[in-house]
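Below is one structure; the comments refer to it alone.
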Amino acid sequence: MLHPDEETELSPSHQIYFAGCNLSCGFCTVPEWNLEPRAVKELDQDWLIGRIELRRRQGARNINLLGGEPTVSLPGILPVLARAKPSTPVVLNSNMYYNSVIDALLDRCIDIYLADLKCGSRRCAEVLLDAPDYVDVARRNIVRASNHSNLIVRHLMLPGHMDCCLRPTLRWLAKEIPTVKLSLRTDYVPPAGAGPAPAGYTIHEDIITARNEARDLGLRLIE
């Protein structure tokens, strides 16, 4: 779809959703797409290539690959991009949880990384994502992406996770990639059922505090 509400510099964006994910986030907003991805009808490449051109004519500033996690669909994505030969930038909207082989393949076709850095601690990654090594892997890939592509780091503020996730993330970015563009997302939606994910919403006071602390660290906030 043509989406008007991504980060300002990316909107309007042609979002292409792919089923399947390599994480099990307790706060996932599209779990029905990810639990049984093979139950979804396979996309017709010719149809999708036609939609890419249509959305470009309608004003899309980029092609935005997301999911789930789009890198799990890379064997299907690469031939589509090869055939489509897009004239607008290709955005990878990713949790950045992949290995170096995937990174090498992405380097050939991705113009902008929209890196969704979900957690700031190993414990939270294990409890919320079922991936205890997530923080180390995602941070390594974010640094790699910063060396060869345009990079935006997105962090969804989780209620009650200021000290364990938000602040470690801000400090790490300020140390490792001080010029990075940072998008602090405040639109967390709690899951309907019980589980390890926060049950409430992000409060206004925490949002103001987070933005002030990011600026104090010299980080470049974008909307």
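The values are calculated or read from the model by the stated rules, or taken from the named source; none is laboratory data. In this text the structure is predicted, and so the values were computed from the model without any measurement. Every residue, glycine among them, receives a Cβ derived from its backbone with ideal geometry; neighbour counts consider all protein chains shown. For the accessible areas, the whole protein counts, side chains as well, though only heavy atoms, and no ligand, DNA or RNA atoms are used. Shrake-Rupley method; radii C 1.70, N 1.55, O 1.52, S 1.80 Å.
Find the relative contact order for segment 88-153 and round it to a whole percent, using C-alpha pairs within less than 8 Å whose residues are 6+ positions apart.
Working: 92 pairs, mean separation 26.4, N = 66.
It rounds to 40 percent for segment 88-153.
Any idea of the accessible area per residue across the chain, 1.4 Å probe, to the nearest Å²? Intermediate results must be reported in sequence, preceding the final value.
Numbers: 11120 Å² over 223 residues.
I get 50 Å² per residue for this part.
Measure off, as a whole percent, the carbon and sulfur share of the 1.4 Å-probe accessible area of segment 23-121, all protein chains present.
Numbers: 2610 of 5030 Å².
Of all accessible area on segment 23-121, carbon and sulfur atoms account for 52 percent.
Helix 45-57 versus the longest principal axis of the chain: what is the Cα-based angle in degrees, 0 to 90, to the nearest 10?
Computed tilt is about 70 degrees.
Taking amide H positions as placed in the peptide plane 1.01 Å from N, state which residues far from ILE177 in sequence (5 or more) or on other chains have amide H under 5 Å from it.
Sorted by chain and number, the residues that satisfy this come to none at all.
Straight-line reach from LYS85: which lysines have Cα under 26 Å away, leaving out those fewer than 8 places along the same chain?
Within the straight-line cut-off, LYS85 pairs with LYS41.
Rounded to the nearest 5, what is the percent of antiparallel bridges among the DSSP beta bridges in the chain?
On the way: 2 of 25 bridges.
Among the beta bridges of the chain, antiparallel pairing accounts for roughly 10 percent.
Sort 168-177, 99-108 for me by packing, meaning the mean count of neighbouring Cβ atoms within 10 Å per residue, highest on top. Intermediate results must be reported in sequence, preceding the final value.
Numbers: 168-177: 17.4, 99-108: 13.5.
Descending mean neighbour count gives 168-177, 99-108.
Quick one: which of 28-34, 128-134, 15-21, 152-158 comes out on top by average Cβ neighbours within 10 Å, and what's the full order, highest first? Don't skip to the end; give the middle numbers.
Numbers: 28-34: 15.1, 128-134: 18.7, 15-21: 20.4, 152-158: 22.0.
Result, highest mean first: 152-158, 15-21, 128-134, 28-34.
Measure nothing but the geometry: give the 0 to 90° angle between the long axis through the Cα atoms of 134-148 and the longest principal axis through the Cα atoms of the chain, rounded to 10°.
Value to nearest ten degrees: 60.
Could you tell me which of rounded, prolate or oblate describes segment 1-108, using a ≥ b ≥ c as the square roots of the eigenvalues of the alpha-carbon gyration tensor, with rounded for a/c under 1.5 and, failing that, prolate when a/b is larger than b/c and oblate otherwise?
Values: a/c = 1.41, a/b = 1.32, b/c = 1.07.
Rounded, since a/c falls under 1.5.
At 0.36 nm per residue, minus the direct Cα-Cα distance, what do LEU105 and VAL143 gain on full extension? Give it in nm, one decimal, please. Display every interim value, and only then the final one.
Details: separation 38, 0.36 × 38 = 13.68 nm, distance 1.61 nm.
Roughly 12.1 nm would be gained on extension.
For the chain, what does -39500 (n - 2.57) per DSSP helix run (n ≥ 4), summed and divided by total residues, give at 222 nm, in deg cm²/dmol to the nearest 500? Mind dumping the intermediate values first?
Numbers: 7 runs with 73 residues, N = 223.
That comes out to -9500 deg cm²/dmol.
For the chain, treating each Cα as an identical point scatterer without solvent, what Debye log10 I(q)/I(0) comes out at q = 0.09, 0.15, 0.16 1/Å?
The calculated log intensity ratios at q = 0.09, 0.15, 0.16 Å⁻¹ are -0.36, -1.04, -1.18.
Kindly express, to the nearest 10 degrees and within the range 0 to 90, the angle between helix 167-176's C-alpha long axis and the longest C-alpha principal axis of the chain.
For helix 167-176, the angle is close to 70 degrees.
For the chain, what is the relative contact order in percent, using Cα pairs closer than 8 Å and at least 6 residues apart in sequence? Can you show the working numbers first?
Working: 383 pairs, mean separation 40.9, N = 223.
Relative contact order comes out at 18 percent.
Looking only at segment 1-112, where both bridge partners belong to it, what percent of the DSSP beta bridges are antiparallel (to the nearest 5)?
The antiparallel proportion sits near 20 percent.
Once you put a point 7 Å from the Cα of VAL40 and another 7 Å from the Cα of GLU213, both along the Cβ direction, what distance in nm separates them?
3.4
Given segment 134-194, what whole percent of its Cα pairs are spread farther than 18 Å?
Pairs farther apart than 18 Å: 40 percent.
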